[in-house]
1. Scan segment 32-54 for residues that are surrounded by 11 or more Cβ atoms within 10 Å (Cβ to Cβ) and either touching a residue at least 12 places away in the same chain (Cβ under 8 Å) or not in a helix (DSSP H, G or I) (or both) and report the count.
2. Please go through segment 1-31 and give me each residue that is at pLDDT 95 or above and part of a loop (DSSP other than H, G, I, E, B), ordered by number.
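The values are calculated or read from the model by the stated rules, or taken from the named source; none is laboratory data. Small disclaimer: the values here were computed from a predicted structure and weren't measured. Glycine gets a Cβ as well: all are built from the backbone with ideal geometry, and neighbour counts include every protein chain shown.
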């Protein structure tokens, strides 16, 4: 059994999958290319992705 990330209830290394889907949501929402997205601040991508909205 894999340990969970403390406080999040997410499996160990689960953040990689979450980050991938957040970036994909950002790319779909904005229509920009992944190449251009690499030049954008990560916080902006996460906030603009809509993936973490409650």
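1. Counting residues in segment 32-54 that are surrounded by 11 or more Cβ atoms within 10 Å (Cβ to Cβ) and either touching a residue at least 12 places away in the same chain (Cβ under 8 Å) or not in a helix (DSSP H, G or I) (or both) gives 9.
2. The one that is at pLDDT 95 or above and part of a loop (DSSP other than H, G, I, E, B): 31.
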